[in-house]
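Colleague: Before anything else, here's the structure in question.
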Amino acid sequence: MATRTTESFGFDFLSRRIGPIGPRHGRLPQRKGCPFVILERADCIASLWQRRTYDRLKLHLPKQFCQLPRLPFPAHYPKYPTRRQFIEYLESYAKHFDISPRFNQTVQSARYDETCGLWRVSAIAVCGERSHEVEYIGRWLVAASGENAEKVVPDIEGLSDFGGRVTHVCDYKSGHQYAGERVLVVGSGNSGMEVSLDLCHHNAHPSMVVRNSVHVLPREVCGKSTFELAVLLMKWLPLRLVDKIMLLLSWLVLGNIRKYGLRRPSIGPLELKNTNGRTPVLDIGALKKIKAGEINVVPGAKRFLPGRVELVDGRFLEIDSVIFATGYRSNVPSWLQGSDFFSKEGTPKQPFPNSWKGKSGLYAVGFTRRGLAGASFDAACIAKDIGKNGTEPSLNGPRFWERCGPSAQRTIEDDEAILTSGNFGIGWNICFRETLRGPKKVLIIVIIVNSRQGYGASNIITKEVISMRILAFVLPVGALIERKS
Ligand SMILES: NC(=O)C1=CN([C@@H]2O[C@H](COP(=O)(O)OP(=O)(O)OC[C@H]3O[C@@H](n4cnc5c(N)ncnc54)[C@H](OP(=O)(O)O)[C@@H]3O)[C@@H](O)[C@H]2O)C=CC1
Ligand SMILES: O=C(O)C(=O)Cc1c[nH]c2ccccc12
């Protein structure tokens, strides 16, 4: 039978994806002595990197911009680690710091319970054929489900009639399966460019849809990373001047890209990244293939027909397959309830660098469109903030939670419903829960007391509740939870 389990935590760290961001922010509070739990919907860490990236992928920023705090990449790693190396690094990171996410747990909802001043998170835990609901209760909630939680596939007319293979780039592994095929790659971000290049390497014939302006920068100028150069120049020069230098260098290395169907945006690459979040393409060889005519640049796709596509300029292209490299989106709005901290697109409304802290103990890590370095910044701010609260005298820290032991865990039938809850003042709260077991209704009262009063206090409260003449089954300190003062 499906059951529901409730667990209480002094500190909850919730993540639905343990990419580079999960272990990172899991690590920091641990150092501060805060217990936490990381929820992960996949069955492994770094699931995006393990399952949703192609074989040939390498980091396109130098490794020093992609490492997590307190454990650098191994010295023997190359400047641009491969996908495999990056995954191994993340796995060793989790192992080194003893970070064990709870896998196969998908958060359904998270909401702040005003009454007890705590976050309530409901997750579906899958174990083989069985699944059950788990409720986590905690004082803090960190949204770390990422900017790339779900793939974006545009709804283009006629796609269902196309008849050929249709894939999103997150399911693309290599061009091996596309040898000899005419492939339409929709999208010209870093994924679209790199997949088109990989297709060329496998003797496929890609046409890449570029519907908009795009900044293409060489990954390196004279053996030096363009990104690193930009970071360096930003220390002394204003953003717009750095952008001008980047564009000049790009022109020197790549030439005029306009004649290949690639228009540059009117705003410079770094300014555009800062204002719109659009990442410039860091070219690792696709441009050469475009110049050689091996990657055919085409305008927007208007509609699909069996075996072909009609472009917005009225041309028709015969194609065998379609790969959507049309990006990803956040899924925070689908599970975070009652908070106006996130926009409907699922990213914090406050811009960087103030996007990591919401109200009532809500935090966000990794939504700043600043790659791994941005997530690192958020994580450090959050850990520091929680660490500050954690040393308040009203809080007992992790020892309290250890003392709670098994009493902090209970299992209730899944047809239980929260009936009501009330704040009874003087440092404790009571939540009434109703459980329907067959025809009989049982009222369960979960007592939430200030931890410092311990079990003794909860007994007193229990007696008081009973003396209030409520017909009740009192759960023995079902959820002893630190009350937010
Ligand atoms: N080696 C590496 O390190 C790599 C890193 N990345 C990173 O991963 C992240 C995701 O990149 P990516 O997957 O490229 O996604 P992006 O969101 O960066 O790019 C999506 C692309 O799809 C286009 N697009 C969206 N909808 C349509 C449509 N209906 N018709 C035509 N084009 C469309 C967009 O065009 P428009 O601009 O008009 O919206 C854009 O060019 C980025 O941060 C990127 O830098 C990705 C690949 C490799
Ligand atoms: O990969 C991303 O989305 C990033 O935010 C980091 C990043 C990758 N390439 C860049 C080029 C310019 C500025 C940031 C990045």
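FYI, it's all coordinate maths here, none of it is from the lab. The model shown is predicted, which means the values in this text are computed figures rather than measured ones. Heads up, the Cβs are rebuilt from the backbone with ideal geometry, glycines too, and the neighbour counts pull from every protein chain shown.
Colleague: Could you give the radius of gyration (one decimal) and Dmax (whole number) of the Cα atoms in the range 155-326, in Å?
Modeller: In order Rg, Dmax, the Cα atoms of the range 155-326 give 17.0, 55 Å.
Colleague: I've got another one for you. When Rg is the radius of gyration of the Cα atoms in the range 150-206 and Rh is its Kirkwood radius, what does Rg/Rh come to?
Modeller: Values: Rg = 11.4 Å, Rh = 12.0 Å.
So for the range 150-206, dividing Rg by the Kirkwood Rh gives 0.95.
Colleague: Spin-label point model (7 Å from Cα, Cβ direction): what's the Lys359 to Glu88 distance in nm?
Modeller: It works out to 4.9 nm between the two label points.
Colleague: Near the amide H of Gly164, under 5 Å away, which other amide H atoms are found, from residues 5 or more places off or on another chain, if H is placed in the peptide plane?
Modeller: Amide H to amide H, under 5 Å and 5 or more residues apart or across chains, Gly164 pairs with Gly307.
Colleague: Could you pull out the pairs from Lys349/Lys384; Lys151/Lys349; Lys58/Lys273; Lys151/Lys344; Lys79/Lys288; Lys244/Lys273 whose alpha carbons sit more than 19 Å apart here? Don't skip to the end; give the middle numbers.
Modeller: On the way: Lys349/Lys384 22 Å; Lys151/Lys349 21 Å; Lys58/Lys273 21 Å; Lys151/Lys344 16 Å; Lys79/Lys288 22 Å; Lys244/Lys273 14 Å.
Flagged as over cut-off: Lys349/Lys384; Lys151/Lys349; Lys58/Lys273; Lys79/Lys288.
Colleague: Let me ask you something else. Taking 0.36 nm per residue of separation and subtracting the Cα-Cα distance, what length does fully extending Lys259 through Thr106 add?
Modeller: On the way: separation 153, 0.36 × 153 = 55.08 nm, distance 4.74 nm.
Using 0.36 nm per residue and subtracting the Cα-Cα distance, I get 50.3 nm.
Colleague: Hey, can you grab everything whose amide H is under 5 Å from the amide H of Gly358? Only 5+ residues off in sequence or another chain; H modelled, so Pro and N-termini drop out.
Modeller: Tyr363, Ala364
Colleague: For the range 269-318, what is the convex hull volume of its Cα atoms per residue in Å³?
Modeller: Working: hull volume 6.3 nm³, N = 50.
Each residue corresponds to 126 Å³ of Cα convex hull volume.
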